[in-house]
Amino acid sequence: MRTYARTVATGAALSLTFALLACGGGDDDASNETTTTTTTAPDESTTTAEPTPEEQAIQAYQAAYDAYFAALNPPNPQSTDLMRLFSGDALTSMINTIFQARNQGVYVVGSFEMHPEVVSSGPTEVQLADCVVETNTTYDAATGAQRDSGQYVHNRRATVVNIQGVWSVSAFEQLEEPCTPQGA
C-alpha cells in the first residue's frame, strides 16, 4: 500500500512540474529560464560489524568438523577443506583417522551436534569447550553394507587459531569427564 501511495505522489509531482513548464507563456526573458527538480532516494545501505574472534573461531570449528565427515565419505586425507580448517596436531590426527578408514575399506556418513562455549579468547587464539553429540554410520566401501552405527557423546576442548587470516582447529582433547549436551 505504501508503494502505491508513493507512486501516486511521484506521478502527481511530475504532472504538476510538466504543467508548470507548459504554462510558461509571455514574451519576457523569464520564459527562457529552465526549472530543474531533483529527488534523491533514501540511503538504505546497512553496515554489519566485523565478526569477533570468538564468532570466527566457532564458525571455523563447526566448518572443520563438517569437512571431517565430508573427507570420510569417501575417505580423502588430502581434502582441501580439511587442510584449510585443521592445522597442527589436529590436522595430523584427522588425516591419520581418514587414512585408517581408507585402509580398512570403509567410508563414514555422519554429523556432529555441537554446543561450543568460549573458555578463553584472544585476537588469534580461542579455546572452546564442547559437549558434542556424534552420530555416524560406517559402511563397507566395496559392498556398501553397513558395518556399524551409533551415537556418541564427547566432552571436548578445542584450540582454534588464526594463521594469516584463516581460522583453523589446531588442537583438540577428549576429556574423560562425562558431559550433558545442551537441551538434553
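The values are calculated or read from the model by the stated rules, or taken from the named source; none is laboratory data. Quantities reported herein were computed from a predicted structural model and do not represent experimental measurements. Here Cβ is always computed from backbone atoms with ideal geometry, including for glycine, and neighbour counts include all displayed protein chains.
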> Which pairs have Cβ atoms under 8 Å, sit 6 or more apart or on different chains, and link a residue in the stretch 68-90 that is without any contact (Cβ under 8 Å) to a residue 24 or more places away in the chain and surrounded by 16 or more Cβ atoms within 10 Å (Cβ to Cβ) to one that is of a type outside the set (V, I, T) and assigned to a loop (DSSP other than H, G, I, E, B)?
Replying inline: L82/N76
> Would it be correct to say that Q100 is surrounded by 15 or more Cβ atoms within 10 Å (Cβ to Cβ) and polar (S, T, N, Q)?
Replying inline: no
> Tell me, which residue of the stretch 91-111 that is in contact (Cβ under 8 Å) with a residue 40 or more places away in the chain and touching a Ser or Thr at 6+ places or on another chain (Cβ under 6 Å) is farthest from W167 (Cα to Cα)?
Replying inline: V106
> Among the residues of the stretch 166-183 satisfying the criterion of being surrounded by 13 or more Cβ atoms within 10 Å (Cβ to Cβ) and of a type in the set (G, A, S), which is nearest to the chain's Cα centre (by Cα)?
Replying inline: S168
> Would it be correct to say that V169 is touching a residue at least 40 places away in the same chain (Cβ under 8 Å), over 24 Å from R102 (Cβ atoms) and aliphatic (A, V, I, L, M)?
Replying inline: no
> What pairs come up if the first residue lies in the stretch 115-140 and is part of a strand (DSSP E or B), the second is of a type in the set (D, E) and modelled with pLDDT of 95 or more, and their beta carbons are under 6 Å apart, counting only those six or more places apart or on different chains?
Replying inline: V118/E54; S121/E54; V126/E54; A129/E117; V133/E113; T138/D148
